[in-house]
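S.K.: Let me begin by handing over the structure; questions about it come next.
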Amino acid sequence: MKAKDRTPVTGTEQLTVEQLCAELQVARSTFYQWRQLGRGPRCVRLPNGAIRVRRADLDAWLAALADAA
């Protein structure tokens, strides 16, 4: 299977911290502060230590923020 054939199925896209911060227009330090306080989106830690955020978890987190506003 070629690398380009491994595109994520809709809803299972995983964002890197850099992609998440760019999308939300926040500094990386802000994201890590949210994580430390338990106020950020749910994250997945990969075996190599990298952090990913599933698109579905980000969307749910944003929806919950909109409901609270």
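The values are calculated or read from the model by the stated rules, or taken from the named source; none is laboratory data. Given the structure is predicted, the values throughout are model-derived calculations rather than measurements. Each accessible area value is taken on the protein alone, full model and side chains, heavy atoms only, with ligands, DNA and RNA left out. Shrake-Rupley method; radii C 1.70, N 1.55, O 1.52, S 1.80 Å.
S.K.: Got a number for carbon plus sulfur as a percent of region 10-64's accessible area, 1.4 Å probe?
M.R.: 49 percent
S.K.: Now a separate question. Apply the Karplus parameterisation 6.51 cos²θ - 1.76 cosθ + 1.60, with θ equal to phi minus 60°, to every residue of region 30-41 and state each ³J(HN,Hα) to the nearest whole Hz, in sequence, with x for glycine and proline.
M.R.: Whole-Hz 3J(HN,Hα) from phi for region 30-41: 5, 4, 5, 5, 4, 4, 4, 7, x, 10, x, x.
S.K.: Residue separation times 0.36 nm, minus the C-alpha to C-alpha distance between residue 39 and residue 25: what's the value?
M.R.: Extra length available between residue 39 and residue 25 comes to 3.4 nm.
S.K.: In whole Hz and in residue order, list the ³J(HN,Hα) couplings for region 49-63 that follow from phi through the Karplus curve 6.51 cos²θ - 1.76 cosθ + 1.60, θ = phi - 60°; x for Gly and Pro.
M.R.: Whole-Hz 3J(HN,Hα) from phi for region 49-63: x, 5, 10, 10, 10, 5, 4, 4, 5, 5, 4, 5, 5, 5, 5.
S.K.: Amide H of residue 15 versus every other amide H placed in the peptide plane: which residues, excluding those fewer than 5 positions away on the same chain, fall under 5 Å?
M.R.: Amide H neighbours of residue 15, under 5 Å, 5+ apart: 53, 54, 55.
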